[in-house]
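Enquirer: Below is the structure I would like to discuss, written out as structure tokens.
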Amino acid sequence: MGDTLKRLAILHYAAPPVVGGVEATIAHHARLLAGAGYPVDVIAGRGEPFHPQVALHLIPEIDSRHAEVLALGQALARGQVPPSFDRFREQLAGQLRPILAGAGVCIVHNAMTLHKNLALTAALRQLADEGATRFIAWCHDFAWQDALYTPELHPGYPWDLLRTPWPGVRYVVVSTHRRARLAELLGIPEGQVEVVNPGVDVVEQLKLQPATCALLEKVDLLAADPLLLLPARITRRKNIELAIRVTAALIRRKPGAGLVVTGPPGAHNPTNVSYLESLRALRRELGVAEHVHFLYEYGERGQPLHLTGATMADLYLLADLLLFPSQREGFGIPVLEAGLARLPVFAADIPSVRESAGGLAHLFDPNGDPGAVADAIAAHLEADGTYQLRRRVLSQFTWQSAVHHRLLPLLKEVIEHGNRAGQSPKAP
């Protein structure tokens, strides 16, 4: 798709670091598209370079706060189209033409349904009619449906551009509710409006450490559903074989389940190396090699990975529950750490855990049936709305998910097919 796409342009009144929901969307989309190898040009009236791989083109007259735009806006709000409007529209079209000539697609945020710079809207309509590039109208706000704005709008040109479907332009909104509103405004079927949800940035939201991010590049812990955390060195008393068997049993009900064991083999007993080999063999035997991760194996250039306290704290934030099957513990500090991170605790019923958890953990026999433990975990997760919302966010509402599963397929379709069959816009 990269060769077909040529360059992708994203246009808005302002760009990052200007603070706003649209500007944040632009920042995440541009960053992720550039990271995926697609060249991106951001076109705005105001902003600063915000990513080394994203080209920023500043055209001050695009800014909704530009002095001439404000002056035109005052006249237009009174229902007057001043003589300078056409000159300003032509000026904007002339500035945009050479930039868009190298773009396979231009995503326009808000300017096709919002009146903050109607000369820009008119210039974009002119360029769309000329076939300057393929346009996607990313519509966050609809002036004609906002009681705050309708007193500033009037029948006819250029105001009607904001409520008329443009030939050859694909429309995008951020939710199904907004899709219904836009379809009503434009007089088109809802199926002609795409929904691409915004998202959250997991790294930013959870303040993950760079070392944690590097680890996530090697093993996709965010995809594990659920992610079971076993913070322990690899020694026999940690009863890791039970955790592996529990994971294998849980996969029958939760096919995406994953287990991470954080520590290396214990340093003071040479038999721990043979114990690790037996765990690897069990992992292969049960067919869960892709689900059970010994994190110490993910070091650079064949060296063991030693997790810092900061990365361990991140793992508690990323995990869905603590699985702690030890045969013996002095006290059970991971239970305390899990409590601080609001993680459900499934732990061996041993005296130290009973003391540390104070009756607030899910306890099981460390020599018992792994299937029963897996069933208890699955039952808990099925009743836990917090867990289910978290998994919903991670699977559907991250910026990465939005870009890779919704935006890139849309761009590919627009490039290859333009408007879908039967999607010719019609006047309302």
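The values are calculated or read from the model by the stated rules, or taken from the named source; none is laboratory data. This structure is a prediction, so every number in the text was calculated from the model and none was measured. All Cβ positions, glycine included, derive from the backbone under ideal geometry; neighbour counts span all protein chains shown.
Enquirer: Looking at residue 52 and the list (1) in contact (Cβ under 8 Å) with a residue 24 or more places away in the chain; (2) part of a loop (DSSP other than H, G, I, E, B), which single condition is not satisfied?
Expert: Single failed check for residue 52: (1).
Enquirer: Say whether the condition of being touching a residue at least 12 places away in the same chain (Cβ under 8 Å), over 27 Å from residue 7 (Cα atoms) and in contact with a Gly (Cβ under 9 Å, 6 or more places away or on another chain) is met by at least one residue in region 137-152.
Expert: yes
Enquirer: Under 7 Å between Cβ atoms, which residue pairs at least 6 apart in sequence (or on different chains) link something in region 190-202 that is within 13 Å of residue 28 (Cα to Cα) with a partner that is part of a loop (DSSP other than H, G, I, E, B)?
Expert: Correct list of pairs: 197/174; 197/175; 197/397; 198/174; 199/397; 200/397.
Enquirer: What helices (runs of 4 or more DSSP H) lie completely within region 171-232 and have 3 or more residues being within 18 Å of residue 394 (Cβ to Cβ)?
Expert: 202-206, 210-218
Enquirer: Among the numbered criteria (1) touching a strand residue (DSSP E or B) at 6+ places or on another chain (Cβ under 9 Å); (2) closer than 30 Å to residue 135 by Cβ, which one does residue 229 miss?
Expert: The number of the failed condition is (2).
Enquirer: Are there any pairs with C-beta distances below 7 angstrom linking a residue in region 88-112 that is in the same structural domain as residue 128 (by TED's automatic domain parsing) and at pLDDT 95 or above to a residue that is of a type in the set (Phe, Trp, Tyr) and in a helix (DSSP H, G or I), with the two at least 6 apart or on different chains, and if so which?
Expert: none
Enquirer: Please go through region 13-34 and give me each residue that is surrounded by fewer than 23 Cβ atoms within 10 Å (Cβ to Cβ) and in contact with a Ser or Thr (Cβ under 9 Å, 6 or more places away or on another chain), ordered by number.
Expert: Within region 13-34, just 14 meets the criteria.
Enquirer: Then there is this: Could you name every one of the helices (runs of 4 or more DSSP H) located completely within region 371-428 that has at least 1 residues being within 30 Å of residue 155 (Cα to Cα) and at pLDDT 95 or above?
Expert: Counting at least 1 such residues, we get no helices (runs of 4 or more DSSP H) at all.
Enquirer: Restricting the search to region 101-144, which residues are over 22 Å from residue 177 (Cβ atoms), surrounded by fewer than 24 Cβ atoms within 10 Å (Cβ to Cβ), touching a helix residue (DSSP H, G or I) at 6+ places or on another chain (Cβ under 7 Å) and not hydroxyl-bearing (Ser, Thr, Tyr)?
Expert: 104, 105, 122, 125, 126, 127, 132, 134
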